[in-house]
Amino acid sequence: MVINLRRRALFAVLAVSVVSVGATACGGGNSSSTTSGSNASIQSNPDNAKVTLTVGSKNFTEEYVLGEIYAQALEAAGYKVKKQLNLGSETVALKALKTGNISGYPEYTSTALQSFFSVKPQDIPPDAQGAYDMAKADLEKEGLTAFPPAPYSSANALGTLTSEAKKLGVTTISDLQGKSQDLTLAGPSECRERVDCLVGFEDDYGLQFKSFTPIDPALRYQVLDKGEAQLSILFTTDAQLFTDPDKYTLLTDDKHVLTPGYPMFITSQKVVDEAGPDFENTIVAVQKDLDINTIRELNARVDVDKQQPSAVAHQYLKAAGFVD
Amino acid sequence: MYVLAAKMHLAIPLAANDLPRSFFGGRRGQHPCESTDALFCPRWAVDNLHTYVDPALKQAYLVVISVVVGFAIAMALAVLSHRFKWLTPPIIGLTGVLYTVPSIAFFFLLLPITGFGTDTAVIALAAYTLQIIYRNAVTGLANVPTEARDAGRGMGMTRSQLLWRVEMPLAVPEIIAGLRIAAVSTMALATLAFLAGAGGLGQQLSAQPTFKTNILLVGGLVIAMAITFDLMLLAVQRLTTPWRRARPA
Amino acid sequence: MAESATGMIDVSIQPGFFSSFVDAFNFIFHQQEGGGGTLVGGPAKVLELTWAQVQVSGLALAGSLVIAVPIGAWFGHRGKGEFLAIGLGNAGRAVPEIAVIFLLAAVIGIGLRDVAIALAILGIPPILTNTFVGVRQVDPRAVEAGRGMGMSELAVLTRVELPLAVPTIMGGVRTAAINIVATATIASFVGYSTLGDFIINPQVYGTDGALAGAILVALLALAVELTLSGLQYLLTPRGLRLQHIGTGA
């Protein structure tokens, strides 16, 4: 895999250099093979220097990356920024927000609705606007608020090795009917008691599995690679889906059991009032280029390349043209 | 332009089997780990060691505080039991219960009372040290040779003087032996402190629990710190007992 | 769990923490609605996970005994390898259990068998050290008496030394058992569900479930300790019982 990536990297560097040559040859214009540099760089506003913002995050890669992106962007906008990444689960993060220990953190619509407001998974709107509106309305009753979501959604997915999917002849979860009883499913231990996980597969899809293996989500690809399970609960924004797109297959959730979550920056009304308009504007601007592919790639740089989230966030901001 | 671009799958929308379009123009970051499946990547370890420093220091801090608190309480109890011998069995029992309750359970039992944070971890870790320090202190005080006690009494010492000038100093090796065990055990246990929201190296471990280099670094650092504390306390013991003492087997 | 007027779950620390414990007991005895849309808790599920934890712990402890007792006894009998035996015990104390669990999961795999292996490894140091020390410290006169009666070395070991070493050995077994049961709590991360399920998934089982899990783990550990203490009492030769009341390793 290392060799593959190196070759791809070399090829890509060659590619980019040829493209830029080609671009200049054609008289310039957007050399956008990527969206590099197509954004306005964030301007530092001296008024923001008197405001200190503490950006928090929960304790997994995507949250670290998002937290770093927002923190560095706000810093570029002239705020004094402190970071409290790696707070823990959403309950801890919410408590930190409510007590004022942090100014805000990235949260998913589905997590906020289910965990904070006890909304049942089946009652959550599947679309971005619906989910965001519901979450924002509930948050506002607590003196909190949320900025519009980033343009991707993160959801649980039922995944398998592509070779396995081909062998079974399945592309959707429904296709597993009649076949799942010979298959082992691996997922977080909570999956056993969730209607948007194992219980949903059993009730809505009518699937019975040979067994369910509880694992720390960090092992979700290892179990597939080692053959310890044929099916695994993956996330749509996983790094491995960028680095090995042909190796793994996500089965289509045709009955919409797996709730998508849209990442939005939640904060308190008090902080919004104190921080001025650049707070929301910076956050909303900087997440513009975070489509699902990009977030997968950023996750890959942390999870697979083992780079630090702060470095990866900086690479994104630079490549997108937000910072220099 | 498009002819050239057509050669580069970066510039055109991808077919399903193509490499996903890279945001960065395909340039990947460096690969600091030779292979993520390797048992240990020295280069990655060296490059990223600095990220382990703060959690390691936090863990060391937790251990020091917990052992100091545990020591204070255990010694107070030991002194009391030395005077009122009937206290010994119930205190052994109570500290035994605290020792037996697994630290994870202890953290979560304390949650409704002290919440997430350093306090919870310290209380649980200190409680865990009580039995070993207490037992060793009591044994140490009890094992003071009768000759020494007689000599002290012969010199007209009060009970309190006897305790602090004769019995305690002679009990020091036993007490420090208990402290050493407590420190080492607490250091290993403190790896779980992150479950109580108190940080520490366990946090690093749980962030990447499949990355073997990470696991080995965390484990190695914990063991190294435990050995360091052990040796430091051993040095303290040597310094505070300059006399030769025939120890009972 | 209290719900405030706006329907938001109140996650702040309740001044009435007593009610948290009441809620936790409720979780154990009555099924209730979980955060994932199903019914959670209740005696059946509690028993299922408790029994799972007992099973993997028992399996692991058996494995530790099978390996550690023969090795510790033989070297203790010969009087060789003291440094290693004691060193292993000390080193074992310094190793963070969670690192061993994840390292073995990454190297050998997940599930009941692999978790049991990891736990057995954790249980070996205290049993081995205590067996070694226990056998080593048997009164030499008893050993001589045995030899004088014409016993083979193996018979001396099994009929004289081991029985006399029981209190010390059992002390090590108790330490190992508690470590194993405590660490088995996190087996839920590596392919085998135990009471840890309740603790690590507050979004499904609630803070009631987490606290209930903690209570159950604590009670399980205490039950194991009491059982083994009782076993120690029964296994100790009567003559020794009079000397060794109450203390363990």
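Every read-out reported here was derived from the displayed coordinates using simple, explicitly stated rules and does not represent laboratory data. Remember, it's a predicted structure, so these values are computed and weren't measured experimentally. Reconstructed Cβ throughout: ideal geometry from the backbone, glycine too, with neighbour counts over all protein chains shown.
Which order results if B:TYR134, B:TYR99 are arranged by neighbouring Cβ count within 10 Å, fewest first?
Neighbour counts put them in this order, fewest first: B:TYR99, B:TYR134.
Picking from C:ARG78, C:ARG141, C:ARG159, which is most flexible by a Gaussian network model of chain C using Cα springs under 10 Å?
Of the options given, C:ARG141 has the highest mean-square fluctuation.
Roughly what would the spin-label model give for C:THR227 and A:ASP203, points 7 Å off Cα along C-beta, in nm?
3.6 nm
Rounded, prolate or oblate: which one fits segment B:49-240, using the alpha carbon gyration tensor with axes a ≥ b ≥ c (rounded when a/c is under 1.5, else prolate when a/b beats b/c, else oblate)?
Verdict is prolate for segment B:49-240.
If r is the Cβ-Cβ distance from C:ARG159 to B:THR139 and R0 is 41 Å, what FRET efficiency results, to the nearest 0.05?
With R0 = 41 Å, the Cβ-Cβ based efficiency is 0.85.
For helix C:97-107, what angle does its Cα long axis make with the longest principal axis of chain C, in degrees from 0 to 90 and rounded to 10?
Between helix and principal axis, roughly 90 degrees.
Between B:ASP54 and A:ALA137, take the C-beta separation as r, use R0 = 35 Å, and let me know the FRET efficiency to the nearest 0.05.
Efficiency computed from Cβ-Cβ geometry: 0.35.
Roughly how many debye, to the nearest 20, is the charge dipole of segment B:133-249 about its Cα centre, given +1 on each Lys and Arg Cβ, -1 on each Asp and Glu Cβ, and no other charges?
220 debye
Determine, from the Cβ-Cβ distance of C:LEU112 and C:LEU235 and an R0 of 30 Å, the FRET efficiency 1/(1 + (r/R0)^6), rounded to the nearest 0.05.
For R0 = 30 Å, the calculated efficiency reads 0.55.
Kindly write out, for segment C:32-47 in residue order, the coupling ³J(HN,Hα) from the Karplus curve 6.51 cos²θ - 1.76 cosθ + 1.60 (θ = phi - 60°), rounded to whole Hz, with x marking Gly and Pro.
9, 6, x, x, x, x, 10, 8, 10, x, x, x, 4, 5, 4, 5
Residue-wise, which Karplus ³J(HN,Hα) couplings in Hz belong to segment A:114-124, taking 6.51 cos²θ - 1.76 cosθ + 1.60, θ = phi - 60°, and x for glycine or proline?
Whole-Hz 3J(HN,Hα) from phi for segment A:114-124: 6, 7, 8, 10, 6, 6, 6, x, 6, 9, 7.
Answer rounded, prolate or oblate for chain A, using the Cα gyration tensor with square roots of eigenvalues a ≥ b ≥ c: rounded when a/c is under 1.5, else prolate when a/b is larger than b/c, else oblate.
Judged from the Cα gyration tensor, chain A comes out oblate (a/c at least 1.5, b/c at or above a/b).
Could you tell me how far the Cα centroid of segment A:116-135 sits from the Cα centroid of segment C:30-48, in Å?
24 Å
In degrees, nearest 10, range 0 to 90: what is the angle between the Cα axis of helix C:112-136 and the longest Cα principal axis of chain C?
Helix C:112-136 and the main axis of chain C meet at about 40 degrees.
Within chain A, which whole H helices from DSSP have a Cα span along their axis of at least 30 Å and a mean Kyte-Doolittle hydropathy of -1.0 or more, if any?
The answer, listed by residue number, is A:2-25.
Would you kindly state how much longer the chain becomes between A:ALA311 and A:THR172 on full extension, computed as 0.36 nm times their sequence separation minus their alpha carbon distance, in nm to one decimal?
46.3 nm
Relative to the longest principal Cα axis of chain C, at what angle does helix C:202-235 sit, 0 to 90 degrees, rounded to 10?
Helix C:202-235 sits roughly 20 degrees off the main axis of chain C.
Pick out which of A:GLN208, A:GLN181, A:GLN230 has the largest mean-square fluctuation in a Gaussian network model of chain A, springs linking Cα atoms closer than 10 Å.
In this elastic network of chain A, the residue with the biggest mean-square fluctuation among A:GLN208, A:GLN181, A:GLN230 is A:GLN181.
When B:MET157, A:MET264 are ordered from fewest to most other Cβ atoms inside 10 Å of their Cβ, what list results?
B:MET157, A:MET264
About the Cα centre of segment B:49-240, how large is the charge dipole given +1 on each Lys and Arg Cβ and -1 on each Asp and Glu Cβ? Please answer in debye to the nearest 20.
So the magnitude is around 320 debye.
Obtain the nm distance between the two label points defined at A:GLU274 and C:MET151 by a simple spin-label model: each point lies 7 Å from its Cα along the Cα-to-C-beta direction.
7.6 nm
Could you give the size of the charge dipole of segment A:155-251 about its Cα centre, using +1 on the Cβ of each K and R and -1 on the Cβ of each D and E, expressed in debye and rounded to the nearest 20?
The dipole magnitude comes to about 260 debye.
Indicate the gyration tensor shape class of chain C (rounded, prolate or oblate), computed on the Cα atoms with a ≥ b ≥ c the square roots of the eigenvalues: a/c under 1.5 is rounded; otherwise a/b larger than b/c is prolate and the rest oblate.
prolate
Would you mind counting up the charge near B:ASP230? Only other residues with Cβ under 10 Å from its Cβ, with Lys and Arg at +1 and Asp and Glu at -1.
+2
Checking the cross-link filter: which lysines have an alpha carbon closer than 19 Å to that of A:LYS247, excluding same-chain neighbours under 8 positions apart?
The reachable lysines, counting only those whose Cα sits under 19 Å from A:LYS247, are A:LYS166, A:LYS167, A:LYS226.
Along the charge dipole of segment C:91-207, which of C:THR131, C:ALA182, C:GLY111 sits closest to the positive end, that is, farthest toward it, with unit charges on the beta carbon of Lys, Arg, Asp and Glu (+1, +1, -1, -1)?
It is C:THR131, whose Cα lies furthest towards the positive end.
Taking amide H positions as placed 1.01 Å from N in the peptide plane, with prolines and chain starts having none, which residues 5 or more places from A:THR172, or on another chain, fall under 5 Å of its amide H?
A:THR252
Can you give the local net charge around A:SER44? Use residues other than it whose beta-carbon is closer than 14 angstrom to its beta-carbon, Lys and Arg +1, Asp and Glu -1.
Summing Lys and Arg as +1 and Asp and Glu as -1 gives -2.
Quick check on the protein assembly as shown: helices-only [θ] at 222 nm, where DSSP H runs of length 4 and up contribute -39,500 (n - 2.57) each and the sum goes over total residues. Nearest 500, please.
Rounded to the nearest 500, it is -18000 deg cm²/dmol.
Please give, to one decimal in nm, the separation of the simple spin-label points placed at B:ILE113 and C:GLN32, each 7 Å out from Cα toward the Cβ.
2.1 nm
In whole Å, what is the distance between the alpha-carbon centres of segment B:93-123 and segment C:209-228?
If you average the Cα positions of each part, the centres end up 13 Å apart.
Could you identify which residue out of A:VAL312, A:VAL55, A:VAL223 has the top mean-square fluctuation in a GNM of chain A using Cα springs shorter than 10 Å?
Looking only at A:VAL312, A:VAL55, A:VAL223, the biggest GNM fluctuation is shown by A:VAL223.
Quick check: net charge around C:ASN179, other residues with Cβ under 12 Å of its Cβ, Lys/Arg +1 and Asp/Glu -1?
After counting each charged neighbour, the total is 0.
By count of other Cβ within 10 Å, fewest leading, how are A:HIS256, A:HIS314 ordered?
Placing the least packed residue first, the sequence is A:HIS256, A:HIS314.
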